[in-house]
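Report on the following structure.
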Amino acid sequence: MGVSLDDVVVIEPGKNFDEPCVVTVNCPDKAGLGCDLCRIILEFGLRITRADISTDGRWCYIIFWVVPHPRSQNINWDSLKNRLLSSCPSCIFSFDFNKNSGSPSPAPVYLLKVWVVDQKGVLHDVTEILCILELSIQRVKVMPTPDGRALDLFFVTDGMELLHTKKRRDDVCDSLMAALGECCISCELQLAGPEYEGLQGFSSLPSVIAEELFSLELSDKGSLHPLSPDMSTLKKPTVVVDNLLSPAHTLLQIKCADQKCLCYDIMRISKDSDIKVAYGRFSASANGLKNIDLFVQQKDGKKIIDAESQAALCSCLKEEMLHPLRVSIVNRGPDTELLVANPVELSGKGRPRVFYDVTLALKALGIIIFSAEVVRHSTQKRQWEVYRFLLDESCELPLGSSQARSQIVDKVRRTLMGW
């Protein structure tokens, strides 16, 4: 179709410091493209404030208005453009080629071993450096030792796809050593072996904990993570289905509380439900609320007419908008454990930067993480990614008190939601 690579992804910085950058994507369409693009944008520490999506099924035109996280001011915009380009179907080949081509091979997983002096906030410091280096964390295993050290095992994939080169591996280790200083004892990076395969299985959470964590109703009553007082006045999410406005599409009108991953969550649901978004508009947030209009079709190109299908889709959207993440604190024997769970895409990918946000929140509260791990858990409906953190009892907050636990859950949830 004669579109140069320079025109496929265009990034325009805001005219003023407080104005969002505009990211435009103009390329052949593919199933789930909107979700994939949202994921990449979030991985760079950016928040999508508005979005316009338009496609005729063959070609798409998408505009994102994005702002950096306060701690992510040094965005590598050239690298973001290259990552977005890599997710777009090639403009060189025909639409039919892209539609019928197989899924790309999964990225190779590498094992990063970091020996550190175990102290407050160091786990987040390592995580922050990995995010800056465009390494995505797939699994984590943190093992403290009695002598005040910790072995942090990060299983990562490389957004730049260069970890097969010695230079890239050396650059990662050098960056970690330089940023952490005396805190970092040693650093090794190599292709993951059988040890990663051993972590691929599903965890067996205690039944009582699993029931509480994964069986939340569409209500804040009894929720493991109630809304803070200043957020509890926000309206519950609503989804209105309209089949009269368009002769070919079902209109979904959504109103819900705004949060930084909202665009990703909705596009993820559409992707996993085989719902095609022909046109979508995510309006700017007003008073903490977001209005979203989506013109959609089923996989067969028809409207969503069946009442049961409509109800199932609306229920799924409401649940994900009200409880996109599950946060809980439980007793694990004599220890206190923080649990954070998020649904996994059908492709097997988890939510971006969850480990980063949780460790950031705990560092801000002055809480030392005794150990941490990321596992998968399967329920009847879906697969979940579960982050498990054992909290050190020697921290300033009395972990046994309900007030302190509520404060931890609230801070973690707010950080994850971008509130």
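Using R₀ = 25 Å, calculate the FRET efficiency as 1/(1 + (r/R₀)^6) where r is the Cβ-Cβ separation of L151 and D171; round to 0.05.
0.70
Treating only the Cβ atoms of Lys and Arg (+1) and Asp and Glu (-1) as charged, compute the dipole magnitude of region 106-200 about its Cα centre; round to the nearest 20 debye.
It works out to roughly 120 debye.
Grab the other residues whose beta carbon is less than 12 angstrom from that of E161, score K and R as +1, D and E as -1, and report the net.
Local charge sum for E161: 0.
Please check which bits of region 143-181 a label hung off N74 would reach, taking the label as a point 7 Å along Cα-to-C-beta and the cut-off as backbone N under 19 Å.
Output list for this probe position: 159-160, 168-181.
Charges on Cβ only, +1 for Lys and Arg, -1 for Asp and Glu, centred on the Cα centroid of the chain; of L123, V241, M417, which one is farthest towards the dipole's positive end?
V241
Using +1 at the Cβ of each Lys and Arg and -1 at the Cβ of each Asp and Glu in the chain, identify which of M177, I275, P343 lies farthest towards the dipole's positive end.
Of the listed residues, the answer is I275.
As a footprinting exposure proxy, order H164, H69, H323 by other Cβ within 10 Å, with the fewest listed first.
If I rank by nearby Cβ atoms, fewest first, I get H164, H69, H323.
Can you list the equivalent-ellipsoid semi-axes of region 106-200, largest first and in whole Å, using the square root of 5 times each Cα gyration tensor eigenvalue?
Semi-axes, largest first: 21, 16, 11 Å.
What ranking, highest mean first, results for peptides 399-409, 370-380 when packing means the other Cβ atoms within 10 Å averaged over each residue? Show your work: numbers first, answer last.
On the way: 399-409: 14.8, 370-380: 16.9.
Sorting 399-409, 370-380 by mean packing, highest first, produces 370-380, 399-409.
Among S285, S328, what is the fewest-to-most ranking by other Cβ atoms within 10 Å? Don't skip to the end; give the middle numbers.
On the way: S285 15, S328 19.
By the 10 Å Cβ count, ascending, the order reads S285, S328.
Residue by residue, what Karplus-based ³J(HN,Hα) values in Hz, rounded to whole numbers, does region 181-188 have, using 6.51, -1.76 and 1.60 with θ = phi - 60° and x for Gly and Pro?
Once θ is set to phi - 60°, the couplings for region 181-188 become x, 5, 5, 8, 8, 7, 8, 9 Hz.
Taking the number of other C-beta atoms within 10 Å as the exposure measure, put W115, W77, W384 in order starting with the fewest.
Lowest count first: W77, W115, W384.
Starting from the coordinates of the alpha-carbon atoms of region 349-419, obtain the Kirkwood hydrodynamic radius over all distinct pairs and give the value in Å to one decimal.
Result for region 349-419, one decimal place: 13.2 Å.
Counting just the Cα atoms, what span does region 232-359 cover along each of its three principal axes? Round to the nearest Å and put the largest first.
Principal-axis extents of region 232-359 (Cα, largest first): 60, 34, 24 Å.
In debye to the nearest 20, how big a dipole does the chain give about its Cα centre with +1 on each Lys and Arg Cβ and -1 on each Asp and Glu Cβ?
Using only the charged Cβ atoms, the result is roughly 680 debye.
What dipole magnitude, in Debye to the nearest 20, does region 290-419 give about its Cα centre under +1 on Lys/Arg Cβ and -1 on Asp/Glu Cβ?
Working: 19 positive and 16 negative charges, 65 e Å.
Taking the Cα centre of region 290-419 as origin, the dipole is about 320 debye.
Can you give me the Kirkwood hydrodynamic radius for the chain, using every pair of distinct Cα atoms, in Å to one decimal?
22.7 Å
Since every read-out is calculated from the coordinates, none of them should be taken as a lab result. Quantities reported herein were computed from a predicted structural model and do not represent experimental measurements. So basically every Cβ, Gly included, is an ideal-geometry build from the backbone, and we count neighbours across all protein chains shown.
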